[in-house]
Amino acid sequence: MHLYVVDEIRHPAYAHNSSRPMCSSWVAETAVEAAGGVEKHMWGDTKGRNLLVARTDSLAGLEAALQAGAGAVVVGPAGIGKTALVRAAAADANFHVVNIRGSQMSGQTPFGALAWLISELPAGISKRPVQLLPQLEALLIKRAGGLPVLLLLDNAEHLDGSTTMAVSQLVRRSAVKVLATAENLGASAPDFLALWRDGLLRRIDLVPFTLAETKALMESLLGGRVSSTAAMAMQSHSAGNPHLIRLNTPVQADSKSIVQQGGVWVLAKPLVYSAQVGEVMAARLKRLAPPERSLVEVLALAGGLPLPALVELVGAEAIEALEEMREVEVTETGTARLADFNSTPAIAGSVPPGRSRELWEAISSILDPDELDATALAGFAGWTLACRGTLAPSTALRAAALANAADDPASALSYVRSVPAARRSPDMVLEEVGALMASGSNLEALKVVERFEASHAAAADTQTLAALILGKAELLRLLPRRGDPNEAIREAAAVLGTGKDMVEQRTALLLTRSALALDTGRLQEIPAELERIPTRKGLPRALRIQAASLRAQFLALTGRANEALALMEPMAGDIGGSLPPDTRYRVYTRTVLGLISAGELRLAGEQMEALSRAGANLLGTSHRQAPVRNLVGSVREGLSQLF
């Protein structure tokens with residue numbers, strides 16, 4: 001949900017009791033007639049309205065509710081389009097529109113939201129409710145000039161009890177109709193809730209946009225077709241929140257994150273968070289009670305955290321309030337997190353550094369990092385370093401391992417290198433090497449291994465030492481001028497021995513030997529055991545698929561194309577997103593090379609197109625994408641010459 005976004009587009013008419021309008025270029029042309037604090041509106045451009053993309057059914061529901069009953073209440077998180085929708089429905093010239101806006105401040109005073117209107121009645125009338133109601137009704141009828149009166153109630157849950165009592169009586173007397181918005185209808189005053197429960201007001205719930213709806217809104221804003229990949233990126237970036245989509249789409253175009261190619265807007269690089277989004281988030285946070293704001297900020301900065309620590313930090317009431325609004329959720333393991341994790345980076349970015357450090361110090365005095373689950377640890381470790389805090393070596397190691405597994409080598413390196421070199425364990429060095437290799441820094445990774453061998457090899461256990469030497473062999477395969485990879489392979493084999501507890505490590509070593517033999521053209525050196533690995537039970541799936549891709553390339557190179565294709569066919573649907581990106585990268589490139597070797601150029605071309613479309617989702621960190629994209633271009637050029 002999007003509690004933290006300023007609700008839709010603010011009309012200048014709200015200036016007396018709301019924050020300043022955001023991004024005035026989005027606000028539709030408005031005619032305002034002001035008299036004694038009462039404004040009458042012509043409600044924007046509702047003809048071309050990109051504001052109402054995908055909301056036609058909801059708009060029809062509001063119009064039907066006005067015709068057949070007393071009106072409706074639109075419920076949904078901030079930025080979902082509630083205000084834009086009721087404004088469009090209120091644009092009917094047959095209504096005299098009166099705006100009543102609830103707020104936390106006015107909600108603390110009887111008739112607070114109606115004060116500007118009641119001020120035109122005799123002094124002291126608010127203390128005599130029996131006399132107030134008929135005089136208020138008469139005032140509204142007089143101002144309407146013969147038109148039916150339509151009350152637009154914004155933030156209905158923040159209206160005070162006296163205001164909702166007056167509104168309820170006016171509705172029940174058929175003196176007015178109502179269109180209302182609410183984020184949390186259940187928090188509304190009893191008199192207002194009764195209007196819905198008694199069937200006088202229809203409830204219309206707005207939900208986040210689907211991918212197709214996000215795409216349609218982007219196309220409306222940009223004035224052209226949008227690729228599915230760009231729409232998917234925006235859907236993830238905004239969590240389907242229309243306001244964030246409207247805010248972010250022009251920003252992405254200006255920053256060249258999305259560019260127009262051949263008449264279609266396509267994704268060129270990762271989407272950015274604009275300063276405007278940060279301002280919107282900061283403004284929304286200020287509306288929360290201090291404990292609720294602290295909780296939202298902490299969860300945005302750290303990710304999920306254990307519930308007991310948060311209760312100690314902000315109290316149970318703040319957590320329950322945000323749970324009720326569906327802004328915070330608690331998992332089965334007792335971890336609290338923001339329900340809408342897609343808005344987390346924007347919220348975190350809106351927190352000033354000093355405030356972030358203050359919150360980190362408060363939660364760090366309560367929290368034991370060893371109790372954090374994987375998601376929480378990653379967020380907390382990153383937040384700690386951002387606040388210039390320190391990580392215990394054990395915490396840094398665990399965070400680095402999780403980051404590498406998530407294909408986030410930059411974070412893994414930051415965690416490892418936050419610990420002084422003299423205090424880094426062999427396992428930390430292993431994670432450092434893995435992160436450097438994943439980011440394409442192979443020469444630097446090799447130097448780390450060599451320094452380790454020269455000074456700390458004796459401190460490593462057999463499994464860690466073998467993994468480091470195996471990494472060295474792989475690095476020397478990629479950097480043959482730096483040394484003989486075969487020597488490293490023999491060294492790793494000697495360390496691993498023949499014990500049953502090292503089967504996976506010896507299999508990985510065999511795959512490295514096979515890849516080296518294929519890449520150097522020494523096919524006779526490929527171990528015969530490679531043939532059995534793809535079907536060997538008990539081995540991890542990643543190893544079996546890598547073995548299959550290497551075996552298929554070997555078969556194709558030795559003239560057994562049909563066998564290679566038979567091996568690759570069932571493997572094609574088994575490469576997807578569950579494999580680590582590094583494994584996917586190796587398997588895809590081996591598969592394409594095998595198809596080319598087998599003479600199946602059309603199939604190789606199809607595989608290249610699939611790679612090109614998949615991009616980062618399949619290849620992970622950016623360094624892996626460049627060689628594959630170069631290969632895509634080469635295959636495309638070759639195919640165009642052949643066919």
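Taking the stated definitions as given, is LEU295 over 16 Å from GLU183 (Cβ atoms), touching a strand residue (DSSP E or B) at 6+ places or on another chain (Cβ under 6 Å) and either β-branched (Val, Ile, Thr) or not in a loop (DSSP other than H, G, I, E, B) (or both)? When the stated conditions are applied, LEU295 does not pass them. Residues in segment 407-433 that are in a helix (DSSP H, G or I), of a type in the set (D, E, K, R) and closer than 18 Å to LEU446 by Cβ: ARG417, GLU431, GLU432. Taking segment 511-527 as the range and being crowded, with 19+ Cβ neighbours inside 10 Å and either small (Gly, Ala, Ser) or within 15 Å of GLY471 (Cβ to Cβ) (or both) as the test, the residues that pass are LEU511, THR512, ARG513, SER514, ALA515, LEU516, ALA517.
Here segment 168-194 is the region considered, the condition is being aliphatic (A, V, I, L, M) and assigned to a loop (DSSP other than H, G, I, E, B), and the residue that is farthest from LEU206 (Cα to Cα) is ALA175. Would it be correct to say that ALA401 is touching an Asp or Glu at 6+ places or on another chain (Cβ under 7 Å) and open to solvent by 20 Å² or more (accessible area, probe 1.4 Å)? When the stated conditions are applied, ALA401 passes them. The condition of being more than 30 Å from PHE380 (Cα to Cα), in a helix (DSSP H, G or I) and open to solvent by less than 30 Å² (accessible area, probe 1.4 Å) holds for only one of ALA318, ALA231, ALA300, that being ALA231. Looking at ALA194, ALA187, ALA216, ALA239, can you tell me which residue is surrounded by fewer than 20 Cβ atoms within 10 Å (Cβ to Cβ), out of contact with any strand residue (DSSP E or B) (no Cβ under 8 Å at 6 or more places or on another chain), closer than 27 Å to GLU323 by Cα and in contact (Cβ under 8 Å) with a residue 40 or more places away in the chain? Result of the check over ALA194, ALA187, ALA216, ALA239: ALA187. In the set (1) surrounded by fewer than 17 Cβ atoms within 10 Å (Cβ to Cβ); (2) in contact with a Lys or Arg (Cβ under 6 Å, 6 or more places away or on another chain), the condition left unmet by LEU530 is number (1).
Here segment 347-386 is the region considered, the condition is being open to solvent by less than 60 Å² (accessible area, probe 1.4 Å), out of contact with any Gly (no Cβ under 9 Å at 6 or more places or on another chain) and among the hydroxyl-bearing types (Ser, Thr, Tyr), and the residue that is farthest from ALA401 (Cα to Cα) is SER356.
Within segment 321-337, being under 17 Å from the mean Cα position of the chain (by Cα), crowded, with 18+ Cβ neighbours inside 10 Å, at pLDDT 85 or above and more than 19 Å from SER364 (Cα to Cα) holds for one residue alone: VAL328. Here ASN404 meets the list (1) within 21 Å of LEU310 (Cβ to Cβ); (2) among the polar types (S, T, N, Q); (3) in a helix (DSSP H, G or I) almost entirely, failing just condition (1). Flag not set for ASN94, criterion: buried (at least 21 other Cβ atoms within 10 Å of the Cβ) and either out of contact with any helix residue (DSSP H, G or I) (no Cβ under 9 Å at 6 or more places or on another chain) or of a type outside the set (Gly, Ala, Ser) (or both).
The values are calculated or read from the model by the stated rules, or taken from the named source; none is laboratory data. Model, not experiment: these values are computed from the prediction. Positions of Cβ are generated from backbone atoms using ideal geometry, with glycine treated the same way; all protein chains shown enter the neighbour counts. Protein only, heavy atoms only, side chains kept; ligands, DNA and RNA dropped before computing areas. Shrake-Rupley method; radii C 1.70, N 1.55, O 1.52, S 1.80 Å.
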